[in-house]
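Trainee: To start, I am sharing the structure in question, which I have written as structure tokens.
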Amino acid sequence: PQLRQRRGGCRPRLLRAPPKTTPGGVTPARTALRRHRVFCQLPNGDWALCTVLTTSGDESVLKVSEGKVLRLKTESLQPANPEILDGVDDLMQLSYLSEPSVLYNLQYRYSQDMIYTKAGPVLVAVNPFKNVSLYGTEYIDAYRNKTMDSPHVYAIADAALREMKRDEVNQSIIISGESGAGKTETAKIAMQYLASLGGGSGIEYEILQTNPILEAFGNAKTLRNDNSSRFGKLIEIHFSTTGRICGAMIQTFLLEKSRVVQCAVGERSYHIFYQLCAGAPASLREKLNLKKVDEFKYLKQSCCYSIAGVDDAQMFRTVTEAMNIVHISKEDQESVFAMVSAVLWLGDVSFTVIDNENHVEIIVDEASETVAELLGCSIEDLNLALSKRHMKVNNENIVQKLTLAQATDTRDALAKSVYASLFEWLVEQINKSLSVGKRRTGRSISILDIYGFESFDKNSFEQFCINYANERLQQHFNRHLFKLEQEEYVEDGIDWAKVDFEDNQDCLNLFEKKPLGLLSLLDEESTFPNATDLTFANKLKQHLNSNSCFRGERGKAFAVRHYAGEVVYDSSGFLEKNRDLLHMDSIQLLAKCKSSLPQTFASKMLAQSDNSISVPYRSSAADSQKLSVAMKFKGQLFQLMQRLESTTPHFIRCIKPNNLQLPAIYEQGLVLQQLKCCGVLEVVRISRSGYPTRMTHQKFARRYGFLLLEDVASQDPLSVSVAILHQFNILPEMYQVGYTKLFFRTGQIGKLEDTRNRT
Ligand code: ATP
Ligand code: MG
């Protein structure tokens with residue numbers, strides 16, 4: 001169980017000894033210049049492979065592309081790898097690990113549809129934005145039977161399976177990357193591989209069918225990705241003792257509910273709205289009083305109704321079929337769609353001013369009548385919930401009339417929470433259907449598909465939460481790949497020059513410290529009735545200005561130095577989004593409804609209002625008192641990290657080669673920035689200079705001792721191990737002997753394993 005051959009299914013295609021390197025992993029430039037292959041930087045910043053024609057003084061004349069000649073300062077050139085290393089499938093094999101050589105290698109492969117490349121223990125996946133013929137039964141079988149070993153998601157999934165069985169340890173596949181980089185597709189490809197093992201009773205098929213459902217309700221077209229996941233997802237796939245799939249459990253994180261009531265021009269709300277309107281059969285259409293998409297206010301505001309190449313009506317059928325498969329009854333499906341329609345119609349509910357203080361009542365029209373009908377309440381109840389608020393002031397119950405702005409906010413808050421509750425409810429139903437129950441063995445593989453680091457021109461509360469999550473994941477990544485690595489060497493007395501790595505603990509402290517961290521201060525400010533986004537921003541500046549990861553900006557803005565770069569946040573809307581108020585009146589409205597789903601949602605909301613840990617947001621005791629959004633997210637994140645800590649992680653970093661969602665365009669600058677953000681370059685450098693394979697002396701002696709020609713039965717494990725090393729002529733620079741373990745450089749154990757398997 002101690003064998004940690006971390007290379008997964010990737011065996012270097014070019015078998016050669018690792019090149020001698022300086023401590024930094026880079027050989028001096030002079031060697032390369034002799035080979036006349038170098039990288040030069042073009043005026044647009046891109047690196048181009050070129051040949052040196054002549055060098056005189058401190059300048060070189062270069063041939064860039066066919067016929068084109070340039071004269072450049074020699075010192076600005078970067079050495080390129082020899083041709084034989086073009087397109088190696090593991091970046092670890094590159095002699096020169098410079099940024100241009102990594103970029104070139106990925107591009108070289110990408111241009112030949114080899115979208116997967118290893119970076120030591122990490123799989124890098126460059127989004128092809130087109131169908132590549134790398135998937136399906138044939139490929140799955142090839143990876144299972146080991147007739148194929150080039151880097152692939154299948155190889156990662158296969159390694160996870162093997163390690164789960166061999167080590168009896170749960171595994172995780174952690175997929176990260178920017179929006180549109182291919183995380184969700186990659187997660188599905190991994191699921192496909194695992195599902196192909198079969199489970200009997202069709203459970204594996206059921207698991208795959210959760211994807212269209214969750215995507216319909218949780219994905220939307222954004223400017224970055226036509227199918228952007230607006231939530232994070234962890235799916236834990238359970239296996240029986242015989243290694244077959246026996247169930248699954250899905251956990252979701254932080255659905256972007258603001259999208260339901262508001263979305264930017266050119267984007268869409270959640271797919272299901274359009275799918276339902278386009279695909280509902282006539283009877284359902286009539287029952288739910290559906291209109292065309294461009295007739296609903298919530299959908300109209302972004303002026304975007306369709307997605308190129310997507311047939312929403314067809315998708316609707318796919319989704320309902322998937323719902324059948326995960327055992328959501330036809331009756332429940334109809335209730336679900338009634339809620340979807342109710343949310344749409346809520347957006348059309350309008351108000352009329354009834355006095356000179358701008359107080360309002362809802363207008364009784366098709367919109368309000370349809371909402372009342374679909375929720376199963378009376379128009380009067382709906383009006384009461386949207387136009388009045390019950391409050392307790394000085395222990396006295398009073399009723400406050402709402403202004404137009406307040407009523408509109410209340411309406412939108414209701415729409416958002418009905419939709420978010422619906423999403424949660426669906427996940428629950430799916431989990432019930434996939435539940436392992438008594439068949440549980442405890443072994444599982446979890447796949448995490450979570451939003452990557454985000455830095456836009458304008459960054460708000462959502463980016464704040466997402467980037468906080470990424471700091472946590474980055475720490476997990478660091479710990480596993482760097483810290484554990486180093487500690488293990490040191491513990492076992494191995495001589496290994498320490499390699500520094502970016503530790504992001506300071507940034508995490510900035511978020512999590514109590515009482516003076518970003519999250520605590522945000523929650524504190526959220527409890528003050530008179531606080532505004534500006535007072536919040538000022539409070540941050542007052543308390544955190546001395547923190548090296550924090551920088552106050554003008555007005556409501558502040559900046560955080562994340563591991564992936566500095567992000568300036570605009571605190572507008574932070575307090576409101578964090579409070580995420582849904583007034584008691586709205587919850588009571590749902591509780592009173594005759595339809596079953598609103599009632600279920602209301603009980604859930606009431607149950608979640610845990611007074612013991614809540615903070616009172618307003619003086620009004622009648623408000624729903626619940627955990628703030630940031631605190632709930634933090635809790636989820638801690639739980640997630642705990643779960644991941646107990647697994648062997650496998651990392652996949654998805655890279656988006658262009659912002660146009662088009663095939664065959666590889667923008668170096670964009671790729672480089674992503675490689676830096678996810679630490680790929682660091683990983684390669686560190687992994688290569690280390691000893692990634694290790695085994696205890698006992699285990700090594702037991703596993704390979706029988707291959708020895710001499711009789712060693714009486715000898716201690718260490719002596720046996722050394723004898724094996726000698727017999728197989730493993731060079732001294734390829735291994736180190738620790739107190740308890742043997743440490744090997746990449747590829748060394750392969751030789752022994754091959755011999756062992758042949759014997
Ligand atoms: P977000 O964070 O916005 O959810 P994401 O990282 O999950 O983004 P995906 O939705 O997985 O991104 O991928 C975006 C698009 O890229 C897909 O809809 C698909 O068109 C294309 N794509 C990604 N991976 C592949 C692949 N392996 N083969 C073909 N196309 C792909
Ligand atoms: Mg996604």
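The values are calculated or read from the model by the stated rules, or taken from the named source; none is laboratory data. On a predicted model such as this, the values are computed, not experimentally measured, just so you know. Here Cβ is always computed from backbone atoms with ideal geometry, including for glycine, and neighbour counts include all displayed protein chains.
Trainee: When the stretch 124-140 is examined, which residues are found to be buried (at least 20 other Cβ atoms within 10 Å of the Cβ) and within 12 Å of ligand 1 (Cβ to nearest atom)?
Mentor: Across the stretch 124-140, the qualifying residues are ALA125, VAL126, ASN127.
Trainee: Which one is surrounded by the fewest Cβ atoms within 10 Å (Cβ to Cβ) among residues in the stretch 201-215 that are away from ligand 1 (no atom under 16 Å from the Cβ) and in a helix (DSSP H, G or I)?
Mentor: TYR205
Trainee: Within the set of pairs 6 or more residues apart or between chains, which connect a residue that is within 18 Å of ARG144 (Cα to Cα) inside the stretch 186-211 to a residue that is more than 16 Å from ligand 1 (Cβ to nearest atom) and among the polar types (S, T, N, Q) with Cβ atoms less than 8 Å apart?
Mentor: Hits for this filter: SER196/THR137; GLY199/SER240; GLU204/SER196.
Trainee: Follow-up question, since we're still on this one. Of all residues being within 16 Å of ligand 2 (Cβ to nearest atom) and assigned to a loop (DSSP other than H, G, I, E, B) in the stretch 181-200, which is nearest to ILE140 (Cα to Cα)? Just the residue, please.
Mentor: Going through the qualifying residues, I end up with GLY182.
Trainee: When you scan the stretch 374-381, do you find a residue that is in contact with a strand residue (DSSP E or B) (Cβ under 9 Å, 6 or more places away or on another chain) and free of Cβ contacts under 8 Å to residues at least 40 places away in the same chain, even just one?
Mentor: Yes, some residue in the stretch 374-381 is in contact with a strand residue (DSSP E or B) (Cβ under 9 Å, 6 or more places away or on another chain) and free of Cβ contacts under 8 Å to residues at least 40 places away in the same chain.
Trainee: Just one of SER176, SER196 is among the hydroxyl-bearing types (Ser, Thr, Tyr) and in contact with a Lys or Arg (Cβ under 7 Å, 6 or more places away or on another chain); which is it?
Mentor: SER176
Trainee: Is it true that some residue in the stretch 568-580 is in contact with a helix residue (DSSP H, G or I) (Cβ under 9 Å, 6 or more places away or on another chain), touching a residue at least 40 places away in the same chain (Cβ under 8 Å), surrounded by fewer than 20 Cβ atoms within 10 Å (Cβ to Cβ) and not in a helix (DSSP H, G or I)?
Mentor: yes
Trainee: Please determine whether any residue of the stretch 407-415 is more than 16 Å from ligand 1 (Cβ to nearest atom), more than 22 Å from ALA322 (Cα to Cα), free of Cβ contacts under 8 Å to residues at least 40 places away in the same chain and of a type outside the set (Val, Ile, Thr).
Mentor: yes
Trainee: Which one is nearest to the chain's Cα centre (by Cα), of the residues in the stretch 691-712 that are modelled with pLDDT under 85 and not in a loop (DSSP other than H, G, I, E, B)?
Mentor: THR693
Trainee: Show the residue pairs meeting these rules: Cβ distance below 7 Å; 6+ apart or different chains; first residue within the stretch 235-260 and under 11 Å from VAL436 (Cα atoms) and without any contact (Cβ under 8 Å) to a residue 24 or more places away in the chain; second residue outside any strand (DSSP E or B) and charged (D, E, K, R).
Mentor: none
Trainee: Mind checking which pairs have a first residue in the stretch 216-229 that is over 21 Å from THR320 (Cα atoms) and assigned to a loop (DSSP other than H, G, I, E, B) and a second that is within 10 Å of ligand 2 (Cβ to nearest atom) and not β-branched (Val, Ile, Thr), Cβ under 7 Å, 6 or more apart or different chains?
Mentor: Filtered contacts from the stretch 216-229: THR222/SER179; THR222/SER228; ARG224/SER179; ARG224/GLY180; ASN225/SER179; ASN225/GLY180.
Trainee: Scan the stretch 447-454 and give yes if some residue there is within 30 Å of LYS165 (Cα to Cα), surrounded by fewer than 21 Cβ atoms within 10 Å (Cβ to Cβ) and at pLDDT below 95, otherwise no.
Mentor: Taking every residue of the stretch 447-454 in turn, none turns out to be within 30 Å of LYS165 (Cα to Cα), surrounded by fewer than 21 Cβ atoms within 10 Å (Cβ to Cβ) and at pLDDT below 95.
Residues are listed down the side, and each one gets a yes or a no for (1) within 16 Å of ligand 2 (Cβ to nearest atom); (2) hydrophobic (A, V, I, L, M, F, W, C):
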residue	(1), (2)
PHE638	no, yes
GLN642	no, no
ARG653	yes, no
GLN661	yes, no
LYS676	no, no
VAL680	no, yes
VAL684	no, yes
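Trainee: So which residues in the stretch 173-193 are more than 11 Å from ligand 1 (Cβ to nearest atom) and either among the acidic types (Asp, Glu) or under 17 Å from SER240 (Cα atoms) (or both), if there are any at all?
Mentor: Of everything in the stretch 173-193, those that are more than 11 Å from ligand 1 (Cβ to nearest atom) and either among the acidic types (Asp, Glu) or under 17 Å from SER240 (Cα atoms) (or both) turn out to be MET191, TYR193.
Trainee: Residues of the stretch 355-385 being among the aliphatic types (A, V, I, L, M) and either part of a loop (DSSP other than H, G, I, E, B) or farther than 19 Å from LEU597 by Cβ (or both), which ones?
Mentor: If the condition is that a residue be among the aliphatic types (A, V, I, L, M) and either part of a loop (DSSP other than H, G, I, E, B) or farther than 19 Å from LEU597 by Cβ (or both), then VAL360, ILE362, ILE363, VAL364, ALA367, ILE379, LEU384 are the ones that fit.
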